[in-house]
């Protein structure tokens, strides 16, 4: 997933476990936080990332604020139900194959569990993929108009603009993969 690459390569976010490989199958769609990482700064930063795709002409698209599984509803749930989020951090940390990353996740777990806001900072990170011709400044929705609704977390929000509709880009990508694999 592009959010892993962007966060890891550009912002030194460390991931204990990339749950993407266990998320999407025909029988079971992905649930939970899309990506969770940590950054070892003066204060440990816990990054909770969610990604959505939309071809919708409306701005912001429903996946930002209105859909049942919108970016805003998911992030607000991660913050409001800190006990469940904390358990997810523990689970991800225990899966890490890198000792340093595992230790950072376990610290994040302890700080979050004890609400040690002097030791940990939350960052909700949003990724919205949509056609370039549908992008507007309103795409950020409540993340821009009501940032305090995500307190105590800070926010970063990326809109990744693609050159065509989502379906057209996915079709071209599948065709390219088939060519590489030699199946067409």
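What to note about this one:
- Gaussian network model of the chain, Cα within-10 Å springs - most flexible of 41, 106, 128: 41
- Its relative contact order, with pairs defined as Cα atoms under 8 Å and 6+ residues apart, puts region 2-181 at 23 percent.
- Cα-based helix-to-principal-axis angle, 166-181 vs the chain, degrees rounded to 10: 90
- Available extension along the chain between residue 66 and residue 115 is 14.7 nm, counting 0.36 nm per residue and deducting the alpha carbon span.
- Looking at region 2-181 alone, DSSP beta bridges between its own residues are antiparallel in about 25 percent of cases.
- Most mobile of 101, 171, 85 in a GNM of the chain (Cα contacts under 10 Å): 171
- GNM top mover of 79, 33, 162 - the chain, alpha-carbon springs below 10 Å: 162
- Diffusion coefficient, µm² s⁻¹, Stokes-Einstein with Kirkwood Rh over alpha-carbon pairs of the chain at 25 °C and 0.890 mPa s: 140
- Three principal axis lengths of region 100-145 [C-alpha, angstrom, descending]: 44, 24, 12
Rule-based calculations on the coordinates, nothing more; no lab input. Quantities reported herein were computed from a predicted structural model and do not represent experimental measurements.
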